[in-house]
Amino acid sequence: MKQTIKTVEIAVVASRAAELEKYLAHRGVFEPCEADLPAGFETASSAEELSETESELASVERLLTVLSGIGTKEKSGIAGLFASPEPVDDSRLCVDEASLADALNACRSLDRAEELQTKMLRARTSAEQLEPWLRLDASPDREMPDGAVLIVGSIAARYPEEEINRRIAVIEPSLEEFELRTIYNGDNLTCIAAVCLKGRENVLENALRQLGFSRFTPPETGTPSEVRDKYLSRADELDAEITRLESEVA
């Protein structure tokens, strides 16, 4: 008996497409093929466009959450949409298109504020992590003159400067021409800077590694103090933008 194969077009949210395809294939009724998108649909052409779409979807989902409690006691402005629910007679419920647009814009502002909040906290954390290095008045990747090499890093323990020099002398007795200074000495952290002759830096670093030494990799070019100030300035700018966005919802 001749069977007619029917072709159907299914539009589905991208995050659920694989799940739907697996289900239909399991039922033995589906064979995927290329098809033109229905009117009003388009494929994201880049990761940036996809990210924007996901961000917009998040704003809409927030709006739906807000609207689920929109039957509340009357309050003025957008703030009323975010008020604690106080049920009222449904006959008094009326939300016009302009209010919905304002609410969606408010949701976008809140989503953007949350995104910037994460960036601000990251900038402040990066600034705090540079605190132990503030006494270092040179960039860790600075090139030294006269054939010298600068080595900057930390040991995850508390070591007096004299003890570090003593241990290096035991590990590498032949290593004499170097100078080491402690930048920071805390309970579980010792930050150091050392200068030695070019060609002997591997010997010095290998000796330090036996004490638990690891190189300090600067997050940006500049002295630790300069980089920390950049992070703090960036955090202040983000904080101001967050305040502005939140004021649009108030």
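The values are calculated or read from the model by the stated rules, or taken from the named source; none is laboratory data. Everything numeric in this text was worked out from a predicted model, so none of it was measured. Counting neighbours? That spans all protein chains shown, and the Cβs are built from the backbone with ideal geometry, glycine included.
Listing for the model above:
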{"quantity": "Count - residues of segment 185-205 that are under 19 Å from PRO160 (Cα atoms) and either of a type outside the set (Asp, Glu) or in contact with a helix residue (DSSP H, G or I) (Cβ under 9 Å, 6 or more places away or on another chain) (or both)", "calculated": "11"}
{"quantity": "Verdict on ARG181 being free of Cβ contacts under 8 Å to residues at least 12 places away in the same chain and surrounded by fewer than 17 Cβ atoms within 10 Å (Cβ to Cβ)", "calculated": "no"}
{"quantity": "Residue within segment 168-177 that is of a type outside the set (Val, Ile, Thr), touching a strand residue (DSSP E or B) at 6+ places or on another chain (Cβ under 8 Å) and touching a residue at least 40 places away in the same chain (Cβ under 8 Å) present", "calculated": "no"}
{"quantity": "Residue in segment 203-216 that is buried (at least 18 other Cβ atoms within 10 Å of the Cβ), of a type outside the set (Phe, Trp, Tyr) and in a loop (DSSP other than H, G, I, E, B) present", "calculated": "no"}
{"quantity": "Residue tally, condition free of Cβ contacts under 8 Å to residues at least 40 places away in the same chain and either over 22 Å from LEU211 (Cβ atoms) or crowded, with 18+ Cβ neighbours inside 10 Å (or both), over segment 122-159", "calculated": "7"}
{"quantity": "Residues located in segment 184-202, provided they are crowded, with 18+ Cβ neighbours inside 10 Å and assigned to a helix (DSSP H, G or I)", "calculated": "none"}
{"quantity": "Any chance GLU162 is exposed (fewer than 13 other Cβ atoms within 10 Å of the Cβ) and in a loop (DSSP other than H, G, I, E, B)", "calculated": "no"}
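Listed here are the residues, each with its yes/no results for (1) part of a loop (DSSP other than H, G, I, E, B); (2) at pLDDT 95 or above; (3) not polar (S, T, N, Q).
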site: ALA138; (1), (2), (3): yes, no, yes
site: MET144; (1), (2), (3): yes, no, yes
site: VAL149; (1), (2), (3): no, no, yes
site: SER174; (1), (2), (3): yes, no, no
